[in-house]
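Read the structure below first, then the notes.
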4 protein chains.
Amino acid sequence: MIKAGIIGSTGYAGAEIVRILLSHPEAEVVWYGSRSYIDQNYSSIYGNFFKLVDAKCMDDNMDQLAKEVDVIFTATPQGLCASLVSEEILNKVKIIDLSADFRLKDVSVYEKWYGIDHKASQFIEEAVYGLCEINREDIKKARLLANPGCYTTCSILTAYPLIKEGLIDPDTLIVDALSGVSGAGRGAKVANLYCEVNESAKPYGVANHRHTPEIEEQLSYAAGREMLINFTPHLVPMNRGILATEYASLIKKDGKLPTASDIQAAYDKYYGDEFFIRVLGDGVYPETRWVEGSNFVDIGFKIDERTSRIIMMGTIDNLVKGAAGQAVQNMNIMFGLQENMGLNMAPLFP
Amino acid sequence: MIKAGIIGSTGYAGAEIVRILLSHPEAEVVWYGSRSYIDQNYSSIYGNFFKLVDAKCMDDNMDQLAKEVDVIFTATPQGLCASLVSEEILNKVKIIDLSADFRLKDVSVYEKWYGIDHKASQFIEEAVYGLCEINREDIKKARLLANPGCYTTCSILTAYPLIKEGLIDPDTLIVDALSGVSGAGRGAKVANLYCEVNESAKPYGVANHRHTPEIEEQLSYAAGREMLINFTPHLVPMNRGILATEYASLIKKDGKLPTASDIQAAYDKYYGDEFFIRVLGDGVYPETRWVEGSNFVDIGFKIDERTSRIIMMGTIDNLVKGAAGQAVQNMNIMFGLQENMGLNMAPLFP
Amino acid sequence: MIKAGIIGSTGYAGAEIVRILLSHPEAEVVWYGSRSYIDQNYSSIYGNFFKLVDAKCMDDNMDQLAKEVDVIFTATPQGLCASLVSEEILNKVKIIDLSADFRLKDVSVYEKWYGIDHKASQFIEEAVYGLCEINREDIKKARLLANPGCYTTCSILTAYPLIKEGLIDPDTLIVDALSGVSGAGRGAKVANLYCEVNESAKPYGVANHRHTPEIEEQLSYAAGREMLINFTPHLVPMNRGILATEYASLIKKDGKLPTASDIQAAYDKYYGDEFFIRVLGDGVYPETRWVEGSNFVDIGFKIDERTSRIIMMGTIDNLVKGAAGQAVQNMNIMFGLQENMGLNMAPLFP
Amino acid sequence: MIKAGIIGSTGYAGAEIVRILLSHPEAEVVWYGSRSYIDQNYSSIYGNFFKLVDAKCMDDNMDQLAKEVDVIFTATPQGLCASLVSEEILNKVKIIDLSADFRLKDVSVYEKWYGIDHKASQFIEEAVYGLCEINREDIKKARLLANPGCYTTCSILTAYPLIKEGLIDPDTLIVDALSGVSGAGRGAKVANLYCEVNESAKPYGVANHRHTPEIEEQLSYAAGREMLINFTPHLVPMNRGILATEYASLIKKDGKLPTASDIQAAYDKYYGDEFFIRVLGDGVYPETRWVEGSNFVDIGFKIDERTSRIIMMGTIDNLVKGAAGQAVQNMNIMFGLQENMGLNMAPLFP
C-alpha cells in the first residue's frame, strides 16, 4: 500500500486527490496537510468525506512527511513546492507537484510569467513534465514530477498529433478555452462569488495567461521548433470542465488539404491505445458534461474547406485529468501500477 | 457475475444504474432496453459512456430478458412494470421496479393518486417495499421489489426513528422538500427547459403530489397507526439532490421536551450501524452537495424550544439513493452480496 | 428632483437602488457612499453602470450628506445606521435604513438576536416599519424609516390577511423559505463562492435566523396577540428571488373549514387595490422567475382538506421588493410621489 | 401611439418585445400572435406579465393585422415571414422580421445555408439589414426590415471599425462565440433541457452555423471585398448573453503594428457617439453580466505583440440587442422617434 501525503489538501485539487485515492486499491492518504485548518477535522471542511475520512488537518512538515509517506502531492500555490524540495527530501520520497514550479524548463520564462524568483532551479532539469500520454517513459523514472496545468493538458493533447505529424501550421494555432469555476480555487475572492460568476461569461488573462508558455514549450517539442500561440481563457458558470477550441491552418500536401481520414489517422496513431483519450472523430464535438468526474480527454474535430482551417476541440474535467486525476495517473506510472488504477470511474451525468 | 437487464435504460435513472454497475465487481448490464432508441448505440445517447459501453439499445422483450438475465430493473413510467410482470416471469428472474407500481399496498390508493388502473394487483401483496435500512430482512427474499421514490426515501428516513420511538406527534408532521431537476426525467417538456428552470424556484404538486401516500403508508407503519401529512415539493435549479426539511411537534415526557441527546440516541438506535446513513447530529445541517453522486443519506436536526417543535433535515442524491443506487443496494441484498458493493464511492464535490 | 445619497452603495442592495433610481423621473443619486472603494469610479465596480453613472465613491460623511441630499439610504451592516443617526441629522434629511437597526420595537429583542448594543434606541419608537402595503399612513409622516428584511417582507405579506381575518391559527404557522444568493451580500466568504453554492441546497439559521422576531412582531400585530413561529431559510443556487412556503391550520367556523373563496376574499380585501401584490389565487403557485427584477409580490395558496391546513406561497425579488425596490417605494410615499413611480418595470424573464 | 403586432409573441424574443414595449412611451402591443396558444391568456404563458398584459393570444392573420397595426414584428422560424409578406401588406404596415428571411442579399446563399426555398425573393433587395449603428440612414426609409441575428450583431460590431479602417487582415478573422441558452428558443427539445445544458459547455454548428454568411456579408462590405471567416458558436449554461472573442492579424504600417491608441481611435471614430455601444478600451474585457437585460454592446480589446494579433471581445444580451431590443431600436428609427426610447434601462446585476 502506497502511503500518500498531500500538502494543500483543503484546496479543490487536494480534495479531489482525496476522493480519488479513497477508491484506489493500492494507495491511501495518511497526511492531510493544510496550514489554514490545522487540527480541524478534514470532514468538517469537506462534508462529503464525513464518515469516510477520519483525520485531522496537519501542518506542512516536509521532513516528517518524507519519513512517513512514499509520495507527496503538493497542491499549493506557485512557489511553495520550490521552497520545500531538496536533495535530501527527494532521496526519500517522490514528489508530484501540482503547481507550476517545475513545468517550464527555462527558469527565466518561469520568473517572467509568474513574477517570482525560483527557489530551486537546480531541480528544473531533473523534473519530468507529467503529461502521461506523451512522457510516459520519463515519468516512470521521475523523482520530481511536474503535473501539467488544467488548460495546458487539454490544449496540448488536442493539438499534439496534428503538430507532430506536420498537418497544421504551428504559427497559426489559436487556443480559445473555457473553464468551470473550480479552476479558480477555493480562495475567498469577490470575483469568484456565486452572484459574480453565475449568469455570466468572461475572458480573462488575454494574451498573458500563465499557461501560455507551458503550452508553447510542449507543442514546440512536437513541432521541432519554437512556436508562439494565442491562448484566451474564459470563465463560464459551471463547477468543472475545460473545453478548448483550437484553430489552425491545414498544411497542403501536393496541393491538397488533408482529409478527415488523414486527421483521424494522426489521432489514432498517438492515441489509439490510450485508455483515457477518446477521439470522437470528424464532426462529433466534445461536451464537458461527458467527462465530468472522470480522467477522460474527449477530442473531436472539423475541417473547414472554405478557410483551409481545422477546428480541434478537446474537453477534460479540470480537477481530474486537469489536476488530481492526472497526478494519480502519474503516481501509478511512477510506482509501476496499472496506469488507470483507481481512475476508471465513468463520468457522472447529469 | 449477475447479469442485469434494464428496461428504460435511457432515462436518467436507467443511465445511473449503468454508471453504478460499470464499477460493480459482481454485476454487469447485458441488456440496454429503450424503446425510443432501438438499435442506436447506447453511448451515442449518453456520451459519458463512450468507449465504456459498447452496446445497442434493445426493445422491451420481457420473455427474452427473463431468459438472459438474473435481474431486471424497470426504470419506466408508472404502469409499465405492472403490465409486464407475470408469475412465469417472476419464476425466472428478479424484478426491481423503480416505478410506483408496487409501492402502495392499497390498490385503491394507487389508482386514486396515479389515475390509472393497476394491471397486476395480484402481485402487490408479495412485492417488497425496498427501503433497505427499514425492510432489509424482507428484501432478502423478494422476487418483486418496489424501489422507493426519491422524495419518499429521503422524507421517510429523516423522520422514521423519531416516529418509531414516539418522540414526535405524527399528526403534526410537515415535509417541505426541494429537488434537483433530474427528478423530472429526460422527457422533452417546455417546463423543464434550461431557461424555464434556471434562476427560479417553485412549488408544485402542493397537497397532491403522488409521493404523499407513499410517505404516509410507511410512516404509518412506524407510528403504529394511520397518519396524514403535508408534503410540498419544490423544484430548484440544480441537477441532482433532494433536501427534505421536516417539522413536527415534540412529545413531552413527564412534562419535559426531549433533549438533543434523546433525539440523537433515537437516530443512533436505528442508524448507528448503517453504512449509508450519516447522522450529522444536533445543529449540523445537511447540504445536497455533500451527497452528490453517492448513496449516502445525511441527516441533521434542531430543536426549537420556543415552539416545542423539532426541525429534521435530510439529503440524498435523487438519482442514487433516490433511485439507481438504492436499486443496486436492493440487488445486493437480494443476491446475498455485501450491501454496499459497488456503492461506496465518495460524493463528488464541487 | 429629489437628491438621494446612498451609504453602502457598492453592496448588492445599494447597487440596486442605483439601478432603480436611474429610471426614476423624480429622484437621482448624488452621493455614492462606499468606504471600501473611496475615490474609485463607481462604474469600475459595477460595470453595468459604465457610461450611465459618472461618479466616484465617497466616504460616509453624514453631516455633509445631510446638507446635500433630501434622503439617505443606508444599505449597510447592522449597527451602522444606529451609530450615525441623530436628532440634528433627522431634522435635515429623511433616512431610509435597509438594515435591521430600527425594525424591532423591543430593543432587548434586537440586542438578543443581533448580539450588539443598540446605539440609538431613543429613535426606535419614532421609526416606522416600512412594509408599505400595511403601514402606508405612518410611512407618509416618517423621518426615520426601517425598511423590512427580504425574508420578512415575503413571509409577512403572504400570511397577513389570513391572520388578520382569523382564518388560520397563529400558533401553527411555519414558514419555510428559499433564497437566492444575492441575499448573502457581496462579502468575500468561502461559503458564498460559486462552487460552494452551485449545485447545492442547504438550510441555515434553523430556529435562530434574525428575521424570525421581525416576522413574529409584525404578524403579532395582525393576530392581536403574541405569536411564535418556526422560520427556516434555505440557500438555493440562483442569484435573486425568495419563495416562502407557509403552513398553518385553518380555523373552522360553525364546524366548517374556510373555502378557497373565503381565502381569496381575505386576500382581495387587503390587496385588491395594491399595484405590487398579485394574488394568483387557489391552486396557482408563484415562481421566483415571474418576479425577477421587479417590485411585485406574487401569492398563491392551496387548501388541504385532508389535514385541515392551508399552504400559502409567496415570492419576491429579494433585491427589489425585499430591499431596494421597497426602499424606493417608501421614498415615494414619504415624498408624496406616486407610489409605483420608477418601479413599474415588468419582471425580466428568462 | 404606435400600434404593434407580434407574430410569434410566445417565443423568448417575442416576449422580450412585449417586456420592452410595456415601458415604451410611444408604442404598445395590440396583437399577441401565437398559433400554439390561440385564445389563451398571454399572462398564463408568461407569468411575469400577470396583471400587466390583459390579452389573449391570436392567430397569425396578416391581412387583419395590417389593418390594425402600424408595425408587425415577426419573431418566427425561418421561412414564415417570407411566406406572409406581399406588396399589399407592405403598403399598409411596416414589417420588422426577426428571422433570417431577408438578411442575406444573395438568395442562393440563403437557400444553401438554410435549406429552404425562399418564398419572397422579390423583396430581398428592398429589405434593409437593420444593424442600427451601421445602416441607420437606410433604416429610416425601410418598409421591410431584416433584424440581424444575435451572434451576428455581436460579431460584426466588435470587428467592424478595425476592418473598415484596414487595421486587421480580413482573411485571418476567427470568431469564437459563447451564447446563453435562450438563443435556442422555447421549443421542447431534449438537448435544451435543464440537466442537459447545466454544468456543461459545448461547441455546435462548427464551420456550418447559419450566422456565418451573415457575418461574412456585412463584414465584406466593410472590407470592400469578399471575406471568409471561421465562426464557432458554443452553448454555455446561462440564460442570456453572447460573448464573441475574435482574433485577427494586425496589419503593419511602415513596418509597425498599430498601437492600442490606434485601435481605440478606430472604435471611437465609429462608435464615439453611439448610445448603445460602450467601448471599454485596451485591456478591459467585457462580461455578459454587465449588459444583461439591456440594449448595450460592450467592446474591449488586447494587442498581442508576440503574435502580432489582436483579440477583440464583444458582449450583448442576445434577447435585447441580439433580438427584441434591436428590433425596437429599428422601430424607433423607422418611425422617427428618439433612437433609445424605451431602451435606456440599465443592465440588471446580479
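The values are calculated or read from the model by the stated rules, or taken from the named source; none is laboratory data. Fair warning: this is a prediction, and the values are worked out from it, not measured in the lab. All Cβ positions, even for glycine, are placed from backbone atoms using ideal geometry, and neighbour counts span all protein chains on display. Please note that ligands, DNA and RNA were not included when accessible areas were found on the heavy atoms of the full protein model with its side chains. Shrake-Rupley method; radii C 1.70, N 1.55, O 1.52, S 1.80 Å.
Of the beta bridges DSSP finds with both residues in the stretch A:1-157, what % are antiparallel, to the nearest 5?
Antiparallel bridges make up about 5 percent of those DSSP assigns within the stretch A:1-157.
Using the Cβ atoms and a cut-off under 15 Å, what net charge is assigned to the surroundings of B:LEU80, where Lys and Arg are +1 and Asp and Glu are -1?
Spelling it out: positives minus negatives among the neighbours equals -2.
Tell me, what is the per residue accessible area of the stretch C:188-292 in Å², probe radius 1.4 Å?
Here the residues of the stretch C:188-292 average 34 Å² of exposed surface.
Carbon and sulfur together cover what percent of the accessible area of the stretch A:208-350 at a 1.4 Å probe radius?
46 percent
For chain D, modelled as a Gaussian network with Cα springs under 10 Å, which listed residue fluctuates most, D:PRO161, D:PRO258, D:PRO286?
Maximum among the listed residues: D:PRO258.
Who wins for biggest fluctuation among C:GLN264, C:GLN78, C:GLN122 in a Gaussian network model of chain C, springs between alpha carbons below 10 Å?
Result: C:GLN122 has the largest fluctuation of those listed.
Taking each residue of C:335-348 in turn, how many C-beta atoms of other protein chains fall within 10 Å of its C-beta, and what is the average?
3
Label position 7 Å from Cα toward Cβ: report the copy-to-copy distances for D:ASP171 in nm, one decimal, ordered from shortest.
Counterpart label points of D:ASP171 in the remaining copies fall at 1.3, 8.7, 8.7 nm.
Mind telling me which of C:LYS252, C:LYS51, C:LYS105 comes out most flexible in a GNM of chain C, alpha-carbon contacts under 10 Å?
Maximum among the listed residues: C:LYS51.
What size of dipole, in debye to the nearest 20, comes out for the stretch C:153-255 about its Cα centre when the only charges are +1 on Lys and Arg C-beta atoms and -1 on Asp and Glu C-beta atoms?
Once rounded to the nearest 20, the dipole reads 320 debye.
Rank by packing, highest mean first: peptides B:170-176, D:197-203, with packing defined as the count of other Cβ atoms within 10 Å averaged across residues.
D:197-203, B:170-176
Let me know the mean shielding of C:280-291 by other chains, meaning the per-residue number of their Cβ atoms within 10 Å of its Cβ.
5
List the pair-distance distribution P(r) of the stretch B:171-253, using every Cα-Cα distance, as the percent of pairs falling in each 10 Å bin from 0 up to the bin containing the longest distance, rounded to whole percents.
Reading upward from the zero bin: 16, 43, 26, 12, 2, 0.
Hey, got the Cα dimensions of the stretch C:49-148 along the principal axes, in Å, largest first?
45, 31, 28
Report the B-C buried area as the accessible area lost on both sides summed, probe 1.4 Å, in Å² to the nearest 100.
Chains B and C together bury roughly 4200 Å² of accessible area.
Put a label point 7 Å from Cα along the Cβ direction on C:MET1, then list its distances to the equivalent points in the other copies in nm, shortest first.
Those label-point separations list as 2.9, 7.4, 7.9 nm.
If ligands, DNA and RNA are left out, what is the accessible area of A:ILE163 with a 1.4 Å probe, given in Å² to the nearest 10?
10 Å²
Could you tell me which of B:THR152, B:ILE20, B:PHE49 has its Cα farthest along the dipole of chain B towards the positive end, charges placed at Cβ (Lys, Arg +1; Asp, Glu -1), taken about the Cα centre?
Ranked along the dipole, the leading option is B:PHE49.
Along Cα→Cβ at 7 Å, what distances in nm separate the B:LEU90 label point from those on the other copies, shortest first?
6.9, 7.2, 7.7
Would you mind telling me the antiparallel percentage of the DSSP bridges in the protein assembly as shown, rounded to 5?
The antiparallel proportion sits near 45 percent.
Do you know which residues of the stretch A:234-252 lose at least 10 square angstrom of accessible area in the protein assembly compared with their chain on its own, with a 1.4 angstrom probe?
Residues shielded by partner chains are A:HIS234, A:VAL236, A:PRO237, A:MET238, A:ASN239, A:ARG240, A:LEU243, A:THR245, A:TYR247.
Where nothing but the Cβ of Lys and Arg (+1) and of Asp and Glu (-1) is charged, how large is the charge dipole of the stretch C:246-321 around its Cα centre, in debye to the nearest 20?
The calculated dipole for the stretch C:246-321 is roughly 280 debye.
Going by a ≥ b ≥ c, the root eigenvalues of the Cα gyration tensor, does the stretch D:1-65 fall in the rounded group (a/c under 1.5), the prolate group (a/b larger than b/c) or the oblate group?
oblate
Roll a 1.4 Å probe over the protein chains and send me the accessible area per residue for the stretch C:1-122 in Å².
41 Å²
Taking the DSSP beta bridges in chain A as the whole, what percent of them are antiparallel, to the nearest 5?
The antiparallel proportion sits near 45 percent.
Using each residue's phi in the stretch D:233-243, evaluate 6.51 cos²θ - 1.76 cosθ + 1.60 at θ = phi - 60° and report the 3J(HN,Hα) Karplus result to the nearest Hz, with x for Gly and Pro.
So the Karplus estimates, Gly and Pro as x, are x, 10, 9, 10, x, 7, 6, 10, x, 10, 10 Hz.
Translational diffusion coefficient of the stretch A:185-225 at 4 °C, 1.567 mPa s, Stokes-Einstein with Kirkwood Rh over Cα pairs, in µm²/s as a whole number.
D, rounded to a whole number, is 100 µm²/s.
Which log10 I(q)/I(0) values, to two decimals, does the protein assembly as shown give at q = 0.04 Å⁻¹ under the Debye formula with one point per Cα?
Debye curve over Cα of the protein assembly as shown, log10 I(q)/I(0) at q = 0.04 Å⁻¹: -0.24.
Express the Stokes-Einstein translational diffusion coefficient of the stretch C:265-350 in µm² s⁻¹, to the nearest whole number, given a Kirkwood radius over alpha-carbon pairs, 10 °C and a viscosity of 1.306 mPa s.
The Stokes-Einstein estimate is 115 µm²/s.
Rounding to the nearest 20 debye, state how big the charge dipole of the stretch A:291-347 is about its Cα centre with +1 on each Lys and Arg Cβ and -1 on each Asp and Glu Cβ.
140 debye
Averaged across the residues of B:175-183, what count of C-beta atoms belonging to other chains lies within 10 Å of each residue's C-beta?
Taking all residues of B:175-183 together, the mean is 5.
Under 5 Å between amide H atoms, partner at least 5 residues away or on a different chain: which partners does A:MET58 have, H built in plane at 1.01 Å?
Under 5 Å from the amide H of A:MET58 lie the amide H atoms of A:TYR32, A:GLY33, A:SER34, A:ASP39, each far enough along the sequence or on another chain.
What are the GluC sites (Glu not before Pro) within the stretch C:1-105 that DSSP puts in a loop, where the Cβ has at most 16 other Cβ atoms within 10 Å?
C:GLU26
What shape does the stretch A:230-308 have by the C-alpha gyration tensor, where a ≥ b ≥ c are the square roots of the eigenvalues, rounded means a/c under 1.5, and otherwise prolate means a/b greater than b/c and oblate the rest?
oblate
Filter the cross-link list A:LYS3/A:LYS51; C:LYS164/C:LYS302; D:LYS3/D:LYS140; C:LYS119/C:LYS202 down to pairs whose alpha-carbon distance in this structure exceeds 22 Å.
With Cα atoms farther than 22 Å apart: C:LYS119/C:LYS202.
With runs of 4+ DSSP H residues as the only contributors, calculate the mean residue ellipticity of the protein assembly as shown at 222 nm using -39,500 (n - 2.57) per run, divided by the residue total and rounded to the nearest 500.
-8500 deg cm²/dmol
What does the convex hull of the alpha-carbon atoms of the stretch B:133-181 project to on average, in nm²?
For the stretch B:133-181, the mean projected area of the Cα convex hull comes to 4.8 nm².
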